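Report on one structure; see the data block that follows.
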Amino acid sequence: MSARPVASGAAPVTIATLAAMKADGAPIAMVTAYDHPGAQVAEAAGADVVLVGDSAAMTVLGYDSTVPITVDEMLMLAAAVRRGLRRALLVADLPFASYEASDEQAVRTAQRFVKQAGADAVKVERGGTTAQRARAIVAAGIPVMGHVGLTPQTATALGGYRAQGRTAEAAVQVARDASALVQAGCFALVFEAIPAEVTAALVPRLPVPVIGIGAGPAADGQVLVVHDLLGITEGPTARFVKRYAEVRKAMVDGVTAYVDDVRARSYPAREHGYAMAPGEAQRLPALLADLD
Ligand code: KIV
């Protein structure tokens with residue numbers, strides 16, 4: 001495990017920092033990262049919280065949902081992100097089937113993320129029995145972020161990737177899940193794909209910061225998947241995604257230009273190579289002839 005490095009500039013973000021930001025009405029900016037350069041980008045951009053989301057399953061490992069990603073895969077990604085962060089708080093997702101079975105399983109998995117990857121906190125999905133698991137992890141001294149609304153690990157049970165809380169009764173269920181996680185000791189919540197009115201009604205009732213993704217502007221902060229916001233993801237994205245760059249296009253253009261140069265023999269040019277020491281090229285043929 002790598003301990004959190006000492007911040008060189010601004011003070012590191014802590015759970016107390018996030019609570020103070022909620023109290024002050026200062027928006028919290030959270031973004032995902034899955035590797036060392038991604039962490040450095042998030043850090044340079046001034047993100048307050050960096051999430052090693054299990055969205056990594058789809059964004060960087062090529063699975064078609066978040067379900068298959070393993071603890072070992074997530075640990076490797078989280079450790080790389082840790083090495084790139086100074087100020088931001090590092091939260092790591094506990095992947096599907098790594099915490100639901102028992103309190104013991106939940107605590108053991110969370111401890112691996114702190115000890116082996118250097119995570120500051122872990123995130124768990126759903127209310128219900130997850131609240132009990134969150135309570136056990138918090139009791140073991142590890143901060144927990146909850147995640148309600150659309151919970152991708154159990155999207156099948158929710159009827160697919162669709163907004164949650166669209167009727168008053170369903171919104172009350174979101175409120176119940178959120179409240180159970182807060183009572184279990186969660187220091188913050190993610191609200192995913194929840195109508196803006198529901199977020200606006202619930203955020204003032206919740207004593208911890210609420211980070212929204214597709215949950216409207218009333219949340220205390222926002223989170224997006226970095227591959228979505230940078231335009232690295234191929235194909236359609238959720239309606240809540242705003243694209244801030246077209247990085248995939250820039251990457252394809254760059255690699256295409258390289259491939260074209262190689263085929264045209266215009267790369268490498270003289271300045272991309274090395275030369276022998278003065279006079280040595282003239283001596284070489286005779287020495288090679290001696291080899292024959
Ligand atoms: O896995 C993830 O990236 C997430 C965010 C979408 C909140 O859980």
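The values are calculated or read from the model by the stated rules, or taken from the named source; none is laboratory data. It should be emphasised that the depicted structure is a prediction, and the values quoted were computed from it without experimental measurement. Neighbour counts are summed over all protein chains in view; Cβ atoms, including those assigned to glycine, are modelled from backbone coordinates with ideal geometry.
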Flag if Ala39 is modelled with pLDDT of 95 or more and not in a helix (DSSP H, G or I): no
Some residue of the range 198-210 being in the same structural domain as Gly141 (by TED's automatic domain parsing), at pLDDT 95 or above and on the phi > 0 side of the Ramachandran plot: no
Residue in the range 148-155 that is surrounded by fewer than 18 Cβ atoms within 10 Å (Cβ to Cβ) and under 19 Å from Asp93 (Cα atoms) present: yes
Test result for Met58, buried (at least 16 other Cβ atoms within 10 Å of the Cβ), within 16 Å of the ligand (Cβ to nearest atom) and free of Cβ contacts under 8 Å to residues at least 12 places away in the same chain: yes
Members of the range 239-263 found to be over 30 Å from Ala23 (Cα atoms) and at pLDDT below 95, listed by number: none
Qualifying residue in the range 95-105 (condition: on the phi < 0 side of the Ramachandran plot, touching a Leu at 6+ places or on another chain (Cβ under 9 Å) and crowded, with 23+ Cβ neighbours inside 10 Å): no
Helices (runs of 4 or more DSSP H) within the range 76-188 that include 3 or more residues in contact (Cβ under 8 Å) with a residue 40 or more places away in the chain and over 23 Å from Ala39 (Cα atoms): 129-139, 168-183
Enumeration of residues in the range 124-144 that are over 21 Å from Ala171 (Cβ atoms) and surrounded by 24 or more Cβ atoms within 10 Å (Cβ to Cβ): Val124, Arg133, Ala134, Ile137, Val144
Flag for Thr199 being of a type in the set (Ser, Thr, Tyr), within 16 Å of the ligand (Cβ to nearest atom) and within 20 Å of Asp24 (Cα to Cα): yes
Some residue of the range 145-159 being in contact with a helix residue (DSSP H, G or I) (Cβ under 9 Å, 6 or more places away or on another chain), away from the ligand (no atom under 16 Å from the Cβ) and closer than 30 Å to Glu104 by Cβ: no
